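Inspection log for the structure reproduced underneath, given as structure tokens.
The values are calculated or read from the model by the stated rules, or taken from the named source; none is laboratory data. Remember, predicted model here, so these are calculated numbers, not experimental data. With ideal geometry, Cβ positions are generated from the backbone for all residues, glycine too; neighbour counts draw on all protein chains shown.
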Amino acid sequence: MLLQGIKPDGFTISSLVSSCAKLALLHHGQVVHGKSITIGVDNNLQVTSALVNMYCKCGVIEDAWVLFSMTPTRNVICWNSMIWGFAQNGQDIEALALYEKMLQENLKPDSVTFLSVLSACRHAGLVEKGQGYFRRISELHSMTPTLDHYACMIGLLGCSGNLDKAVDLIKDMPHDPDSLIWSTLLSVSAKKSNIKHGEMAARHLFELEPLNAGPYIMLSNMYASLGRWEDVKSLRSLMKAKNVKKFVAYSWIEIDNYIFKFVAEDRTHPETEMIYKELNRLIKKLQEAGFTPDTNLVLHDVVVEEKFESICYHSEKLALAFGLIKKPDGTIPIRIMKNIRVCSDCHEFMKFVSSVVGRTIVLRDSKRFHHFIGGKCSCNDYCFSVLVLEVHGRRGISDENKSHR
Ligand code: ZN
Ligand code: ZN
């Protein structure tokens with residue numbers, strides 16, 4: 001478009017920024033931000049909202065905040081982007097405070113605003129507050145809560161140990177529960193080791209999404225943790241009979257404008273040898289500092305060394321090792337993206353790296369951001385599912401479907 005001499009407008013720029021946000025391409029997003037200033041559309045509200053959203057989705061919440069604060073007139077989309085950004089980046093209290101400020105400025109919240117607010121309550125474990133906001137949706141704003149709002153509430157109630165209340169809420173919903181509702185219930189049931197609700201949720205998911213491997217794997221892991229090996233076996237057979245294929249779990253990292261993608265136990269990268277050398281060095285260093293790989297997460301009858309391998313070479317760990325090699329400057333945070341939820345072992349690993357190596361790591365998984373600084377994570381480990389939705393590695397349930405690039 002530029003080569004043909006056509007001048008981009010606000011719509012072009014905001015579309016470009018949104019693409020960068022989706023892919024979490026911070027550098028490209030910053031370049032487009034620069035371009036918006038040179039062509040004079042940086043004050044366009046659509047562009048500003050897109051930029052705030054982009055910085056939030058890249059985990060650079062400070063820049064999003066500066067931009068948001070500098071914008072004189074802000075619409076609901078802009079406020080929503082910032083509230084969502086705080087909620088997703090572990091700044092739940094700031095998200096709720098900003099929502100209250102939005103009301104003071106006489107702006108009418110919409111369903112997206114409430115999704116961010118409920119999501120902040122869920123992350124922070126604020127049950128009563130969450131219930132209050134949930135009631136406000138219909139009582140004060142005359143809106144019907146959406147399935148997404150209900151899913152947030154089920155997550156909030158379930159994580160805080162109120163699984164029965166979460167199930168009651170599903171029964172009282174004015175909508176037919178969809179896969180998001182059941183997968184949220186399955187996830188919190190797994191976290192709370194509640195096999196009764198877990199089985200119910202999984203059964204609904206088997207019907208709604210017959211080819212999704214996630215519920216099979218999660219339920220199988222729940223059975224395995226209880227030593228119910230016969231049930232594990234029959235689930236495996238069911239998966240095989242229905243030809244359920246595992247989806248590919250991968251992580252990616254941007255180095256000097258290039259995207260590098262890794263799958264678990266990936267050995268296809270040209271610098272594989274160096275990456276594994278760095279990762280093994282890191283594991284050794286972390287073990288000396290007290291880190292123990294959680295091989296319990298590999299709930300299969302494999303020997304200890306193989307359990308160790310399949311948990312230690314998850315895609316995000318390989319991406320991290322590669323990032324540490326390529327970005328030795330300790331002041332630059334390592335940014336990693338992952339297409340599914342990070343497992344608890346990788347989460348613990350990143351926390352250790354942030355304190356032992358002293359490096360800030362920002363990991364965006366399918367659920368939220370994790371900012372690892374000085375041995376702590378911004379998510380406060382709240383409601384961290386100990387079970388992996390995706391079984392990585394060659395010894396997973398559907399071994400034959402091992403991830404490919
Ligand atoms: Zn992992
Ligand atoms: Zn975290």
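Listing for the model above:
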| item | result |
| --- | --- |
| Residues located in region 335-362, provided they are more than 16 Å from ligand 1 (Cβ to nearest atom), touching a residue at least 60 places away in the same chain (Cβ under 8 Å) and buried (at least 21 other Cβ atoms within 10 Å of the Cβ) | ARG335, VAL362 |
| Candidates ASP9, ASP42, ASP63 - the one that is over 29 Å from ALA124 (Cα atoms) and crowded, with 18+ Cβ neighbours inside 10 Å | ASP42 |
| Filter pass, GLU273 being modelled with pLDDT under 90, charged (D, E, K, R) and surrounded by fewer than 21 Cβ atoms within 10 Å (Cβ to Cβ) | no |
| Meets criteria (farther than 23 Å from PRO215 by Cβ and crowded, with 17+ Cβ neighbours inside 10 Å) for VAL167 | no |
| Tally, over region 136-157, of residues that are of a type outside the set (Val, Ile, Thr), in a helix (DSSP H, G or I) and either buried (at least 20 other Cβ atoms within 10 Å of the Cβ) or within 20 Å of the chain's Cα centre (by Cα) (or both) | 10 |
| Which listed residue is farther than 19 Å from GLY374 by Cβ and either at pLDDT 90 or above or touching a strand residue (DSSP E or B) at 6+ places or on another chain (Cβ under 8 Å) (or both), from ILE336, ILE283, ILE340 | ILE283 |
| Unmet criterion (only one of (1) more than 16 Å from ligand 1 (Cβ to nearest atom); (2) modelled with pLDDT of 70 or more; (3) surrounded by fewer than 16 Cβ atoms within 10 Å (Cβ to Cβ); (4) not small (Gly, Ala, Ser)) for TYR382 | (2) |
| Qualifying residue in region 103-113 (condition: within 20 Å of ARG368 (Cβ to Cβ) and buried (at least 17 other Cβ atoms within 10 Å of the Cβ)) | yes |
| Pair list, Cβ under 6 Å, 6 or more apart: region 240-258 residue in a loop (DSSP other than H, G, I, E, B), other residue hydrophobic (A, V, I, L, M, F, W, C) | VAL244/LEU211; VAL244/ALA213; LYS246/ALA213; ALA249/ILE340 |
| Residue list for region 337-346, filter: assigned to a loop (DSSP other than H, G, I, E, B) and within 14 Å of ligand 2 (Cβ to nearest atom) | ARG341, VAL342, CYS343 |
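Yes or no, residue by residue, for (1) among the hydroxyl-bearing types (Ser, Thr, Tyr); (2) outside any loop (DSSP other than H, G, I, E, B); (3) within 19 Å of PHE260 (Cα to Cα):
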{"site": "ARG335", "(1), (2), (3)": "no, yes, yes"}
{"site": "GLU348", "(1), (2), (3)": "no, yes, no"}
{"site": "LYS351", "(1), (2), (3)": "no, yes, no"}
{"site": "SER355", "(1), (2), (3)": "yes, yes, no"}
{"site": "LYS367", "(1), (2), (3)": "no, no, no"}
